[in-house]
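Quick notes on the structure that follows.
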Amino acid sequence: MFSNLPPVTKALLIANGLVFLLQWALGDVALAQFMLWPPGGGELDGVGFMPWQLLTYGFMHGNFAHLLFNMLALAMFGAPLEHVWGDRRYLTYYLVCVAGAALCQIGVGMWTMSQGGEAYPTVGASGGIFGLLLAYGLLFPNQRVMLLIPPIPMKARTLVLVYGAIELLLGVTNAMPGVAHFAHLGGMLFGWLLIRYWRGQPPFGKKKGPPKMRVVR
């Protein structure tokens, strides 16, 4: 399976695996400057927000299970998209979703600090993965997919709606505070916007109205 993966998906899998090994060897503190920190707060030993963190955080993971599930989803949803879009557009889409998720998470972190709460650094490719999930649901809406937990088959568009609703519910209720739910939603949002931009759809393209008619008298 790995040998048949398209080049960008394979490179992303390798990069995430190598970074995880680096985290294991050096420790998270040594790589803290590559995590996503909220501006103006949450600094650790002088480490705060830096622009490169909008992308680098997406190659780091909290534990092996976190890495494993993200990489399985990357291979499952990313490979078909790369075959359709080509490597350049696919990589652009993925990185935009990762950065968009980071911007949303930064907004949530700054709001949390304004309410007197404490913001923490964010790691994980989940923002990009959720962006891929959304694109897969848009391009292959009727393709049946199987959830891992629980093992339920459903159409891709249904899976997107279910996951989006769950993430919104968990984010609003703060039922799982250790997970960046709004970053996941941010990845989906920016992915949706980029697809509409490519397609020339509102709010980026002009909506065509009825054709103009000339009245002959």
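Checking each residue of the range 111-123 against the condition of being closer than 23 Å to Val47 by Cα, outside any helix (DSSP H, G or I) and in contact with a His (Cβ under 8 Å, 6 or more places away or on another chain) gives at least one match. For the range 41-100, the set of residues classified as within 30 Å of Lys155 (Cβ to Cβ) and charged (D, E, K, R) consists of Glu82, Asp87, Arg88, Arg89, listed by residue number. Considering only the range 8-39, how many residues are of a type in the set (A, V, I, L, M, F, W, C), touching a strand residue (DSSP E or B) at 6+ places or on another chain (Cβ under 7 Å) and free of Cβ contacts under 8 Å to residues at least 60 places away in the same chain? Here the count works out to 0. Residue count for the range 138-160 under the criterion of being touching a residue at least 24 places away in the same chain (Cβ under 8 Å) and of a type outside the set (Val, Ile, Thr): the result is 5.
Does the range 163-172 contain at least one residue that is touching a helix residue (DSSP H, G or I) at 6+ places or on another chain (Cβ under 7 Å), closer than 30 Å to Phe49 by Cβ and of a type in the set (Asp, Glu)? There is at least one residue in the range 163-172 that is touching a helix residue (DSSP H, G or I) at 6+ places or on another chain (Cβ under 7 Å), closer than 30 Å to Phe49 by Cβ and of a type in the set (Asp, Glu). Considering each residue of the range 32-52 in turn, at least one proves to be in a helix (DSSP H, G or I) and more than 14 Å from Gly124 (Cα to Cα).
Hey, does the range 125-135 have a residue that's at pLDDT 85 or above, closer than 24 Å to Pro38 by Cβ and not in a helix (DSSP H, G or I)? Yes, the range 125-135 has at least one match.
The values are calculated or read from the model by the stated rules, or taken from the named source; none is laboratory data. These figures come from a predicted structure and were not determined experimentally. Cβ atoms come from the backbone with ideal geometry, glycine included; neighbour counts cover every protein chain shown.
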